[in-house]
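Below is one structure, written out as C-alpha cells, with a few remarks after it.
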C-alpha cells in the first residue's frame with residue numbers, strides 16, 4: 001500500500017513539474033523514455049504483470065486522451081480498452097447497488113413463529129403468515145418459512161419399495177426370434193407378470209399379427225383379474241386391433257421409449273433366460289416342437305425355479321420338503337436330442 005501511494009505521489013509530481021518545462025525538453029524526454037522501453041522489451045520478452053493501480057492509471061489516461069493508445073509499447077491497445085470497459089461496468093454496478101435491505105426480524109417475533117409452528121405441525125408458512133397479519137405483525141412469508149421449526153417426519157419410501165408395491169398390477173410382453181432346422185424364423189411371445197415373476201403365456205407363431213397378439217393377451221390375462229398396466233416395445237406388429245383389445249379389457253397400454261429395451265427389463269431378462277437355459281442347446285425342428293419346448297420350460301420356470309426377488313421362492317409358491325428321498329428329474333428330455341440341464345431336486 002505504501003508503495004502504491006509513493007508511486008501515485010511521484011506520478012502527480014511529474015505531472016506538475018512537466019507543466020513548466022519547454023516543449024523541446026518534453027519531446028526529448030519522450031524519445032528517451034520510448035528508447036528505454038524498446039531496450040527493456042528486447043531484454044525482457046516475458047509477459048509483463050500489471051497491478052490494479054497500473055490498470056487504473058492507463059485506463060484513466062485513455063479516458064482523458066484517447067490518443068495515448070499510439071504511445072503504448074508494453075501492452076496492447078485492445079487490453080487498455082478492455083480494462084476501461086471493465087471499470088465502466090464496475091462503476092455502474094457499484095452505483096446501482098441496493099442501499100435498502102430487508103428489515104431484521106426481532107427475536108420475539110422469531111420465537112413466536114417457532115412456537116406457532118411447533119403447536120400446529122400441519123400449518124405451513126402461508127397459514128402462519130395470515131395469523132401474524134391478523135395480529136398486526138407484518139413479516140414476509142419467506143422469513144416465516146426460514147424461522148419455522150423443522151419437524152422430523154418418518155422416512156419416505158424409496159423407488160424400489162414404490163415399484164414393488166405396484167408390481168402386482170403390471171405385466172410385460174415382448175417378442176423374440178427363434179431359427180429352425182430348415183432356416184425358417186419363428187416368433188415367440190412372452191407375457192410376464194411383474195408381481196410374482198410368473199409367465200402368463202408363451203406363444204409361438206410364424207407370422208405375428210395384431211389379431212394374434214390380441215388373442216394371446218386375452219388368453220393369458222382373461223377378462224377377470226387383468227393387470228392394470230402392460231409394458232411393451234414399439235414394434236409395428238402392435239396394431240390398432242391390439243390397442244382396442246387392451247382398452248376393452250381395461251388395461252392401460254404403456255409402450256416404452258424408442259430404442260430403450262432397458263425400460264422393459266423384466267421381459268428382456270426372461271428372454272435371455274429362455275435362450276441361455278433352453279434354446280441355445282436345442283435345434284428347433286418346427287413350430288410344434290418350439291411350442292412344446294416353451295410350454296415345458298414355462299411349467300418348470302413357474303413351479304420350480306427360485307428367484308432372488310421372491311426370497312428364493314418360485315413364482316408359484318413352492319412348499320419346503322424337509323423329508324423324503326432326493327432325486328433328479330429331467331425336464332426337456334422328451335423333446336430334445338439327449339438330456340438338458342434343467343434338473344431340480
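Brief remarks follow.
- In plain terms, the chain from residue 329 to residue 76 could stretch by 82.2 nm, reckoned as 0.36 nm per residue minus the Cα-Cα distance.
- Taking 7 Å steps out from each Cα toward its Cβ at residue 141 and residue 235 produces label points 5.2 nm apart.
- Nearest-0.05 FRET efficiency for residue 122 and residue 319, computed from C-beta distance (R0 41 Å): 0.25
- The length gained by stretching the chain between residue 86 and residue 280 to full extension, at 0.36 nm per residue less their Cα-Cα distance, is 62.7 nm.
- The mean sequence separation of alpha-carbon pairs under 8 Å and at least six residues apart, normalised by the residue count of region 107-147, gives a relative contact order of 40 percent.
- Spin-label proximity, residue 244 to region 205-238 - amide N less than 18 Å from point 7 Å beyond Cα toward beta carbon: 209-219, 237-238
- Each Cα pair under 8 Å and six or more residues apart adds its sequence gap; the mean of these over the residue count of region 220-330 is a relative contact order of 15 percent.
- Ordered by the number of other Cβ atoms lying within 10 Å of each residue's own Cβ, fewest first, 325, 278 fall into the sequence 325, 278.
- Between residue 161 and residue 254, full extension at 0.36 nm per residue minus the direct alpha carbon distance yields a gain of 31.4 nm.
- Modelled this way, with points 7 Å down the Cα-to-C-beta line, the labels at residue 180 and residue 262 are 3.7 nm from one another.
- Computed label-point distance, nm, for sites residue 308 and residue 206 using a 7 Å Cα→Cβ extension: 4.1
- A Förster distance of 45 Å, applied to the separation of the beta-carbon atoms of residue 57 and residue 149, puts the FRET efficiency at 0.20.
- Fewest-first ranking of 176, 53, 122, using other Cβ atoms within 10 Å as the exposure measure: 122, 53, 176
Only the coordinates and a few stated rules stand behind these numbers; no lab work does. Treat the numbers as computed from the prediction; the structure is a model and nothing was measured. Neighbour counts run over all protein chains shown; Cβ positions are idealised from the backbone, glycine included.
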